[in-house]
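One structure below.
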Amino acid sequence: MLGLSVSRSEPAQPRLEPVQRIGNEARGGGVVLHGLLAIATLTPAQAALLVTDVIDQLELVRSRDGYPILLDHAVTVSDRGQLAIDCTGSAQSWHDVDDAVAGLLRSIATNCRDHALADRLDESIARTTDLADLAQRVRGAVATELDPSTVRRTRCQLAELVSATKGRALSDDRAVTEPANSQSPPSPAAGSSLAPKGWYPPVGNPWHRKRRRLSRRRGVLGLISILLLVGVVWAAPGAWSELSRGWDALLHPVNLSEQNHISPVSPPPPTPEADQATSPTAQGTAEPGPVDTGLPGRAGPITLVTATFANGECATGQPCTIRVDVHVDPAANLGAVTWHSSVYDRCSGAVLPGNDVTMHVPPGGQQVYGITRVVLPPAPALAVAALTSAPANAASEPVFVPAANARC
């Protein structure tokens, strides 16, 4: 009986170059990986090639010495652009080194100019279970950035970054050259230089050639500049029109006497209703009558009642706030005092009583006060007075609205 085995894993990516272990003499001219990443920003192809080197070196060291313990100084990039891992110790299992390997791979990917590569690599690392699974997933994640025809050129670029990081040019015997069809500049004659032996021309720091992201401050300033430019463009036509109008008025003044001249027009004949409205009787010449509350100013334990405007003068036809003060005999121990405010129409004699207000009098108290609100009718002459109903009947002097020159 035959059976078919189906695997859901991705097909393994072919290696671009034969894997070999780099000796101490070959890596002696290189630099530590984290030192290279500190000053250089990698292209997607360079980052993908270094990630592939890490996987290849891990598999090579694993087959000989076991899982390597990764230290910062143990991961280097040679002056040929090849990454090497120096086995400083062996771990018991993959779980002892998986975090260090993931951190190493992420440090390379996050230094890349393309964030999509870092996202794909991070997703592939998060689902791995062992070194074989990690190698398969990582090679699949970076496969789109690697082109077998440009691997040699990418190695040359990494070698140049290593040389620039070390602060000197590549030596002639260890330089990694471009393919045969690339043209290299002619070197000066050996006997024409006056520089001392062992001197190398300075190499520019690749940090100054890095393509940096736009800072947040520059982005905000750019946005503000764009908004200001839009505002100027939007307001410029109106401002130019106003300026032209003012300039024209200054240079070409008009004759104001002719412009403001109005021809006389005869007024319409008066109507009988208008004659009655303008007569002295219609405007109100009668004096308003007095206000009689019918109550004394003091009675029993109540010694004085006053009513004043709480918020200044009041006007007819509007609400009015009245403050009422009641002075009592402190020996009476009244307990409470009740009063109300009444509105008097001085022309018609109508009286509009308000609602009762009761205030507690503390033992030995001499005065209590309260605030009441009354609505004044639209009459030409009004008055407001406060009247107590308990414990005795007394009234305050009225306050007039308007205070003077009232006519009925």
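Residue under question is Pro377, and the condition is that it be assigned by TED's automatic domain parsing to the domain that holds Gly317 and over 27 Å from Thr316 (Cα atoms); does it hold?
Criteria not met by Pro377.
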- Task: Kindly provide the set of residues from the stretch 316-328 that are surrounded by 15 or more Cβ atoms within 10 Å (Cβ to Cβ) and within 15 Å of Ala383 (Cα to Cα), ordered by number.
- Result: Thr316, Cys320, Ile322, Arg323, Val324
- Message: For the stretch 362-376, check the following and say yes or no: at least one residue is among the hydroxyl-bearing types (Ser, Thr, Tyr) and over 60 Å from the mean Cα position of the chain (by Cα).
- Response: no
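Looking only at residues in the stretch 124-139 that are among the charged types (D, E, K, R) and assigned to a helix (DSSP H, G or I), which one is surrounded by the fewest Cβ atoms within 10 Å (Cβ to Cβ)? Reasoning before the result, please.
The first filter runs over the stretch 124-139 and keeps only residues among the charged types (D, E, K, R), leaving 127, 130, 133, 137, 139.
In the following step, the residues that additionally are assigned to a helix (DSSP H, G or I) were identified as 133, 137, 139.
Numbers: Asp133: 14, Arg137: 22, Arg139: 23.
It comes out as Asp133.
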- Message: From the list Val351, Val337, exactly one residue is in contact (Cβ under 8 Å) with a residue 12 or more places away in the chain and surrounded by 12 or more Cβ atoms within 10 Å (Cβ to Cβ). Which is it?
- Response: Val337
- Just to be sure, is Val324 closer than 16 Å to Ala395 by Cα, modelled with pLDDT of 90 or more, hydrophobic (A, V, I, L, M, F, W, C) and more than 60 Å from the chain's Cα centre (by Cα)? no
- Filtered residues of the stretch 311-332 (kept if among the aliphatic types (A, V, I, L, M) and either outside the structural domain of Ile371 (by TED's automatic domain parsing) or over 19 Å from Pro353 (Cβ atoms) (or both)): Ala315, Val328, Ala331, Ala332
- Item | Residue list for the stretch 301-315, restricted to those being surrounded by fewer than 16 Cβ atoms within 10 Å (Cβ to Cβ) and either in a loop (DSSP other than H, G, I, E, B) or touching a helix residue (DSSP H, G or I) at 6+ places or on another chain (Cβ under 9 Å) (or both) | Asn311, Glu313, Ala315
- How many residues, within the stretch 81-123, are modelled with pLDDT under 85 and crowded, with 19+ Cβ neighbours inside 10 Å? 1
- Message: Go through the stretch 91-144 and report how many residues are β-branched (Val, Ile, Thr) and either free of Cβ contacts under 8 Å to residues at least 24 places away in the same chain or not assigned by TED's automatic domain parsing to the domain that holds Leu71 (or both).
- Response: 4
- Note on the structure: By residue number, the members of the stretch 54-88 that are more than 47 Å from the chain's Cα centre (by Cα) and on the phi > 0 side of the Ramachandran plot are Gly66
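Taking the condition part of a helix (DSSP H, G or I) and surrounded by fewer than 19 Cβ atoms within 10 Å (Cβ to Cβ), does Thr144 pass?
yes
The values are calculated or read from the model by the stated rules, or taken from the named source; none is laboratory data. Not measured: the values here are computed from a predicted model. So basically every Cβ, Gly included, is an ideal-geometry build from the backbone, and we count neighbours across all protein chains shown.
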